[in-house]
Number of protein chains: 2
Amino acid sequence: MHSLIVYAHPEPASFNAALRDAAIQTLRSYGEVGVSDLYLQGFNPVAGPGDFTRPVNPERLGYVHEQRHAAAARAYSADILAEQDKVARADLIVFQFPLWWYAPPAILKGWADRVLSYGFAYTDEAQFECGLLRGKRALLSITTGGSEAELRTDERHTGTVEQFLRPFGGGVLAFTGMTVLPQHIVYAAGSLGEASRRARLRAWQGHLRTLAA
Amino acid sequence: MHSLIVYAHPEPASFNAALRDAAIQTLRSYGEVGVSDLYLQGFNPVAGPGDFTRPVNPERLGYVHEQRHAAAARAYSADILAEQDKVARADLIVFQFPLWWYAPPAILKGWADRVLSYGFAYTDEAQFECGLLRGKRALLSITTGGSEAELRTDERHTGTVEQFLRPFGGGVLAFTGMTVLPQHIVYAAGSLGEASRRARLRAWQGHLRTLAA
């Protein structure tokens, strides 16, 4: 089983980094593990005309139109191709990120905008169950600043945690055909003591072993 | 009435740009209109250590912790301060963007991540109805690639359009205290003929005049 960890956090000493490292360590027992460390890579999350090396219409950017044409000829910018190749190889993709404003950090949103393109991840005919990335499993592993109780008090405005993760999980990932696993959430990650952190990391590794087996 | 238009689209000839220009033209009759053209500005959407000019802990980034301290001393990077000053002046903020992957483009998500900071937009005590940006009105004006019928067929995975706009509208904006108005949506914007485009622009201007009056 080949895995890919797409990781988006600016601080190398964060609990997100510890969760990433725990996942790498565990998943290496089962096969190759790729890592996309978006902050470390300086990944550009801003979709734009530079994403295409041989644009069909250099005068007027039609983003999805260009994606269609770039897919057949691999005429994407090198950073997009590198990410797509990592996705193509993976059977399991773990997205490790902090929840910022009820959603992934911009650097990860932009990874989806640019990498999961028409022709690579889906077409007009190949969506959801028929998406081009079907057969792969995706797992969102998330930390939150607020506690579970605090997020529940926001529900009147935001909907439930499950609902506000749906644009990314049920939307982005399921649309491409990936099987989206139940998310792994560590609430109030910043307030965990050392013993709790260690316990959460052990539980996370156990969870991944169960998935891999 | 002072307005701010936060605009996120890479193509100057897009229908999004036309909607932006129509809004500028209309709202100028009622007062000052600021524009944040995120692509034109080359806005950096990636939250990171460079966002703080006098970090409390340069060794280990605690993003919200740094935001707290930066707010009192205006010790944010210049691009964040410029955006916050535009928000502070505005009574009405129009967000004009294409829906990409059921959410705002990364460049706009990062505007929220960086600009709507602890101490500027909210505190532990000042959230939702008590948020620091209360009294301002916010309006999401969105174009979609798919038709309304296509988005409905995605609902099993993604929830309704109303639900997947809630992380940004009900979440980000309502959390800061803004009054979030019903969204303005132009479905299948890329397929509109010239007459339909003109009709939609006129309707949009009428809608804005009603809001302003």
Positions within region B:71-110 being hydrophobic (A, V, I, L, M, F, W, C), over 19 Å from A:P105 (Cβ atoms) and touching a His at 6+ places or on another chain (Cβ under 8 Å), in sequence order: B:A75, B:A90, B:L92
Output for region A:162-213, where each listed residue is within 14 Å of chain B (Cβ to nearest Cβ), over 18 Å from the mean Cα position of the chain (by Cα) and assigned to a helix (DSSP H, G or I): A:A189, A:G190, A:S191
Qualifying residues in region A:146-161 (those that are on the phi < 0 side of the Ramachandran plot and of a type in the set (G, A, S)) - the one farthest from the other protein chains (Cβ to nearest Cβ): A:A149
Test: residue in region B:34-45 that is over 15 Å from the mean Cα position of the chain (by Cα), part of a loop (DSSP other than H, G, I, E, B), modelled with pLDDT of 95 or more and farther than 27 Å from A:L61 by Cβ: no
Residues within region A:26-36 that are in contact (Cβ under 8 Å) with a residue 60 or more places away in the chain and either under 15 Å from A:R200 (Cα atoms) or in contact with a Leu (Cβ under 7 Å, 6 or more places away or on another chain) (or both), tallied: 3
Residue that is surrounded by the fewest Cβ atoms within 10 Å (Cβ to Cβ) [pool: residues in region B:15-25 that are in contact (Cβ under 8 Å) with a residue 60 or more places away in the chain and not charged (D, E, K, R)]: B:Q25
Test for B:A17: is it within 30 Å of A:Y63 (Cα to Cα) and not in a helix (DSSP H, G or I): no
Residues within region A:89-108 that are touching an Asp or Glu at 6+ places or on another chain (Cβ under 9 Å), facing another protein chain (nearest Cβ under 10 Å) and either closer than 19 Å to A:L211 by Cα or in a loop (DSSP other than H, G, I, E, B) (or both), tallied: 3
Odd one out for B:V64 among (1) surrounded by 21 or more Cβ atoms within 10 Å (Cβ to Cβ); (2) in contact with a Ser or Thr (Cβ under 9 Å, 6 or more places away or on another chain); (3) not in a loop (DSSP other than H, G, I, E, B): (1)
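The values are calculated or read from the model by the stated rules, or taken from the named source; none is laboratory data. The shown structure was predicted, so the numbers you read here are calculated from the model rather than taken from an experiment. Neighbour counts run over all protein chains shown; Cβ positions are idealised from the backbone, glycine included.
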